[in-house]
Every structure is written in structure tokens, then in C-alpha cells.
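The values are calculated or read from the model by the stated rules, or taken from the named source; none is laboratory data. Model, not experiment: these values are computed from the prediction. Backbone-built Cβ (ideal geometry, glycine too); neighbour counts: all protein chains shown. Surface areas here come from the heavy atoms of the whole protein model, side chains and all, with no ligands, DNA or RNA. Shrake-Rupley method; radii C 1.70, N 1.55, O 1.52, S 1.80 Å.
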Amino acid sequence: MIPIHENLKERVAVITGGSGVLCSEMARELARQGMKIAILNLNAEKGQKVVESIKQSGGEAISISTNVLNKQSLINAREEILKQFGRVDLLINGAGGNHPDAITAPEESVQEIEGKTFFDLDEKGFSDVFSLNFTGTFLACQVFGQALLKAEAPTIINISSMSGYTPLTKIPAYSAAKASINNFTEWLAVHFAQEGLRVNAIAPGFFVTTQNKDLLVEANGEYTSRSKKILAATPMKKFGEPQHLLGALLFLADESYSSFVTGTTIPVDGGFNAYSGV
Ligand code: NAD
């Protein structure tokens, strides 16, 4: 059982994409730590389910239907949170994902390719995926930044990916956006360092979740050849489970552990990022 972090009690965490597979696990843990949770999600119903599970365990949470790509929608969410909870201490930028319009069929270009090539990628599909994974984080930082600066030990945690270090095949828009997240995390950390706002990121390795299930698991439940390549390149030889992210999350969120840590992206990946393949 993870110990309780007294510093986090009564503080307010805003989690975009907070009803997703990875961030709902973070929401439940932060609620268990005594934080008040605001789930900001496109789909309020999904957010409400996470809120109910938090309340059933004795925690406090609200769900607000929010589009991270719409600044006014984020401003409305901020106003509602300040009305209900009065403050913001932690922002987790978890809204993200991929779309078939921004994914190539082959991993590498060869003659006689079948399926969607690089040249077939749809411009809108590409820019939508880039925006969701980058601009959505930028806008949320802008909208919640001033409220965060009023907190005693404010922090932002962005969610990157293995594709933020070295691009993964097939997903150029997502990879470019996550590389931008690593870069922006550093930029923002430097920008706000003297005002006490720490900005870091977590880069999850490979977790079988709703958004990547089709790339990783065949209809018959077997691992795809892509999954087999991932596992071969992961020294721990397994996929991550959402709870594997919680240690890094609490380390970054609690300033008694990480008050001098800003501008970092921490891989939680079973060694994938460290392994050269040889
Ligand atoms: P998920 O699809 O379960 O959750 C993403 C959430 O974001 C969903 O609840 C979705 O409704 C919400 N969302 C989408 N568009 C939105 C918008 N415009 N405004 C507000 N909310 C929106 O995904 P997940 O697998 O839990 O991933 C969470 C984060 O972790 C993402 O940033 C993802 O890129 C990243 N990540 C995931 C993996 C993995 O293996 N699953 C690996 C590395 C990084």
C-alpha cells in the first residue's frame, strides 16, 4: 500500500482526460491521498463514473464536461472549480490520444505498399491529433496557470510518451506532439521557476488501454506483431499497469519529495527508453 502524503491533503487536483484509463487511476489515488479532484473530460458521463467511485471510497470529486481544445470551455471549468473548491494546486494534463487518420498502415515505406501511406495522411486528422496532444496541454496551462501561482506549492504534471524521445513508427503526429510536450515541459519549468511553480512530465511506456488496443491486440486476443516487438524491446518483458504510474505521480506532486525537481520527464517504462536493442 502506498503511504499517505500529508502535504497533499485538502489540496485540489485538476485532471484533464481524468476519466481515461491511466488518469482515472491517478484520480482515485490522489483522492485516497485526501485531495479534492476535478475531472475534466469531453464525456461528462464517463467522468461522473470516476467521481462516483471516488465518492464511494469517501473522497471528494467533481466532473466537468470540458474540451481542452476550447479555451472558453477550460475557463468555464476553472470558474466552476474555484467556486466549488476555491483553489487549484495541481494540474495533470492527461487528455490525449490518437486517431486512424493520423496513423500510417506500414511501419516503413517500401514499394507496393498496401493501406494508408505517409502520402495518404489526412491534414486535418494529423493536425487534430497534434492539437489534442500538444495544444490541449498548452491551453490548460494558460487557463489554470494564474490560479496555480496562488497556491503554496503548485505543480503541473504533463503526460508524455515513449514517442516523445524517439518517434514510434506509424504515428508521426502523436510522436511530434509528445516530443513537443517534453520540450514545453522544460520551457514552462524555466519560465515559472522563480515563482515556485514546478512543471514536470511522466512518460508512460506501453500500457494496453482503450486508445492503443487495436495496435497491440488482435481481434482474437493474441498480441500483434507490434506488441511482440515492444515486449522484446522492454527489458522487464511486460506491459505496464496503470498503478505503475502512481509512484512517479506522488513523487512529483508532493514537494517534500521533489521541491528541487522541475523540467524533467520521467519514463515509467520497464526500461524501454534505456534499451538500445543490443
Ligand atoms: P484514454 O483514451 O483512456 O484517456 C484519454 C482521455 O482524454 C479520455 O477520457 C478522453 O475522453 C479524454 N479526451 C480526449 N479528447 C479530449 C478533449 N478534447 N478534451 C478533454 N478530454 C479529452 O487514454 P490513456 O491511455 O489513459 O492515456 C492517457 C494519457 O497518457 C494520454 O495523454 C496518452 O497519450 C498518454 N499515454 C498513454 C499510453 C498508453 O500506453 N496508453 C502510453 C503513453 C502515454
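Taking N as the number of residues in the chain, what is its alpha-carbon radius of gyration divided by 2.2 N^0.38 Å?
Normalised Cα radius of gyration, the chain: 1.00.
Where does the chain land at 222 nm, in deg cm²/dmol rounded to the nearest 500, when only DSSP H runs of n ≥ 4 count, each adding -39500 (n - 2.57), divided by all residues?
Result for the chain, helices only: -11500 deg cm²/dmol.
Expressed as a whole percent, how much of the Cα-Cα distance distribution for segment 149-221 exceeds 18 Å?
In whole percent, the share of Cα-Cα pairs in segment 149-221 beyond 18 Å is 50.
Got a sec to turn the phi values of segment 96-108 into Karplus ³J(HN,Hα) couplings, 6.51 cos²θ - 1.76 cosθ + 1.60 with θ = phi - 60°, whole Hz, x for Gly and Pro?
x, x, 10, 8, x, 5, 10, 10, 7, 6, x, 6, 10
Under the rule that an exposed site lies in a DSSP loop and has at most 15 other Cβ atoms within 10 Å, name the longest stretch of the chain with no GluC sites (Glu not before Pro) of that kind, not counting the sites themselves.
Between the exposed loop sites, the longest stretch runs 11-106.
If amide hydrogens are placed 1.01 Å from N in the peptide plane, which non-local residues have theirs closer than 5 Å to the one on M35?
E10
Of all the accessible heavy-atom surface of the chain, with the other protein chains kept in place and a 1.4 Å probe, what percent is carbon and sulfur?
Roughly 53 percent of what the probe reaches on the chain is carbon or sulfur.
Along the Cα-to-C-beta direction of N43, a point sits 7 Å from the Cα; which residues of segment 190-226 have their amide N less than 11 Å from that point?
210-211
Based on the Cβ-Cβ distance from Q84 to V217, what FRET efficiency comes out when R0 is 51 Å, to the nearest 0.05?
It comes out at approximately 0.85.
Just to confirm the number: angle between the C-alpha axis of helix 136-149 and the first principal axis of the chain, 0 to 90 degrees, nearest 10?
Compared with the principal axis, the helix lies near 20 degrees.
Using a 1.4 Å probe and ignoring any ligands, DNA or RNA, find the accessible area of H191 and quote it in Å² to the nearest 10.
110
Pull up all non-local amide H partners of A201: gap of 5 or more, or a different chain, and H-to-H distance under 5 Å with H placed in the peptide plane.
Amide H to amide H, under 5 Å and 5 or more residues apart or across chains, A201 pairs with N158, T264, T265, I266.
Please report the orientation-averaged projected area of segment 116-254, defined via the convex hull of its C-alpha atoms, in nm².
10.0
Please give the peptides 64-76, 228-240 ranked by average Cβ packing (other Cβ atoms within 10 Å per residue), highest first, as a rough proxy for protection.
Order by mean packing, descending: 64-76, 228-240.
With θ taken as phi - 60° and the coefficients 6.51, -1.76 and 1.60, list the Karplus ³J(HN,Hα) couplings across segment 62-76 in order, rounded to whole Hz; mark glycine and proline as x.
Karplus values, whole Hz, x for Gly and Pro: 10, 10, 10, 5, 9, 10, 5, 8, 10, 4, 5, 5, 5, 5, 4.
Can you run phi through the Karplus equation (6.51, -1.76, 1.60; θ = phi - 60°) for segment 185-200 and list ³J(HN,Hα) in whole Hz, with x for Gly and Pro?
Result, ordered by residue: 4, 5, 4, 5, 4, 5, 4, 9, 4, 6, 9, x, 8, 8, 10, 9 Hz.
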